[in-house]
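The values are calculated or read from the model by the stated rules, or taken from the named source; none is laboratory data. The model shown is predicted, which means the values in this text are computed figures rather than measured ones. Cβ: placed from backbone, ideal geometry, glycine included. Neighbour counts: every protein chain shown.
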Amino acid sequence: MRVLVTGGAGFIGANFVLQTVRERPDVQVTVLDALTYAGDEASLASVADAITFVRGDICDAALVDGLVAQSDLVVHFAAESHNDNSLHDPSPFVQTNVIGTFTLLEAVRKHGVRYHHISTDEVYGDLELDDPAKFTPDTPYNPSSPYSSTKASSDLLVRAWVRSFGVQATISNCSNNYGPLQHVEKFIPRQITNVIDGVRPKLYGTGQNVRDWIHVEDHNTAVWAIVERGRIGETYLIGADGEVDNKTVVETILDLMGQDADAYDLVSDRPGHDLRYAIDATRLRDELGWQPQYGSFREGLAATIDWYRANEAWWRPRKEATEAKYATLGR
Ligand code: NAD
Ligand code: TDX
């Protein structure tokens, strides 16, 4: 099987490529990635001989058409992915997340290629802290940020291309991922690398916001389950019952790294900051028999801390510029 992986040099896409090469020798992987500030070809160095890497933009219709024509499956991870950036400059989010998805959909439609669309739980907006409800595939879309609204837009394009043109597509909406190879702008790697640098972690607002954490390897096994056994046109929510508030995440990182539990700073809040996300993954578990392998968030976090300690050469080049950007936002 020939798989085109967009965004394969980013956090989740690179982990998907590494997992696929490791576990599926029958799959030929081609990566299409623009290598924006968020992409890093070094993430794929260990499999460079086993894959084809194409540097290019998913909005480049001629390039996309040619690559899709030679594929049996497209798994679309490429996106502008960081909420804080989208509040500062939404323009690349609209371009990559909406126009890029449109460009891919037109190509898979033309060539009759199976398509899997990677999306986020943020399309559903947020939940109250004391609400027992979780997001389900029937929850109405209600995105808050420029990032999540462009992801919601891209999901709706996929649904329309399935219904109107018979495109063979599935969609997954996953909760917050953590693990190796995540950019240091994101919450968990930012705090781990801050502590390594002797800098206190930065918690937005009061730190009570809740995210539903899943290990990136579990996200990617779910993607393969949906690609292989999912129903065309269906949306699957991916989550591992990992709700934790941000303050507890920071306290756990500090504890695992031998620091005092209160050695963090509260900083100004993110505008429009979603309060809580929570996924009901019943459909994925019951229909496709998927189960997460990473049971303990604390153990997964400890392994992630070990990875950042052992791979400073990977993240160090991006740390200074990332913190300089945060400094201009007062965060
Ligand atoms: P990331 O920012 O780490 O990686 C994105 C990758 O896409 C980078 O390699 C970048 O170079 C590439 N890219 C960006 N614009 C491009 C373009 N125009 N053409 C080609 N390549 C381009 O993102 P991530 O965290 O790995 O997220 C991957 C996908 O998963 C996204 O669609 C995101 O919305 C979704 N998602 C992420 C999370 C999470 O917790 N990180 C959770 C749910 C869903
Ligand atoms: O320094 C920080 N301090 C802090 O308190 C940062 C960077 C974040 N936060 C908070 C904001 C969020 O409540 O931590 C939480 C997680 O923040 P991010 O890592 O920026 O993730 P989030 O905004 O929840 O979005 C992530 O999950 C859903 C991904 O970036 C998205 O791509 C995905 O769709």
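One table, with the values for the structure above:
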| read-out | value |
| --- | --- |
| Close pairs from segment 113-130: first modelled with pLDDT of 95 or more, partner crowded, with 21+ Cβ neighbours inside 10 Å and of a type in the set (Lys, Arg), Cβ under 9 Å, at least 6 apart | 119/151; 120/151; 122/151; 123/151; 127/134 |
| Filtered residues of segment 1-32 (kept if within 16 Å of ligand 2 (Cβ to nearest atom) and either of a type in the set (Ser, Thr, Tyr) or in a strand (DSSP E or B) (or both)) | 6 |
| Single residue of segment 111-139 satisfying the filter (assigned to a helix (DSSP H, G or I) and within 15 Å of ligand 1 (Cβ to nearest atom)) that is surrounded by the most Cβ atoms within 10 Å (Cβ to Cβ) | 121 |
| Count - residues of segment 25-79 that are under 15 Å from residue 107 (Cα atoms) and of a type in the set (Asp, Glu) | 4 |
| Of the criteria (1) buried (at least 23 other Cβ atoms within 10 Å of the Cβ); (2) outside any helix (DSSP H, G or I); (3) within 12 Å of ligand 2 (Cβ to nearest atom), which one residue 151 fails | (2) |
| Residue check for residue 203: under 12 Å from the mean Cα position of the chain (by Cα), among the hydrophobic types (A, V, I, L, M, F, W, C) and either buried (at least 19 other Cβ atoms within 10 Å of the Cβ) or not in a helix (DSSP H, G or I) (or both) | no |
| Hey, residue 176 of a type in the set (S, T, N, Q) and closer than 29 Å to residue 296 by Cα or not | yes |
| Exclusive hit being in contact with an Asp or Glu (Cβ under 9 Å, 6 or more places away or on another chain) and β-branched (Val, Ile, Thr), set 184, 216, 195, 167 | 184 |
| Residues of segment 58-79 that turn out to be over 10 Å from residue 5 (Cβ atoms), part of a loop (DSSP other than H, G, I, E, B) and more than 10 Å from ligand 1 (Cβ to nearest atom), as a count | 2 |
| Restricting segment 163-175 to residues that are surrounded by fewer than 21 Cβ atoms within 10 Å (Cβ to Cβ) and not hydroxyl-bearing (Ser, Thr, Tyr), the residue that is farthest from ligand 1 (Cβ to nearest atom) | 166 |
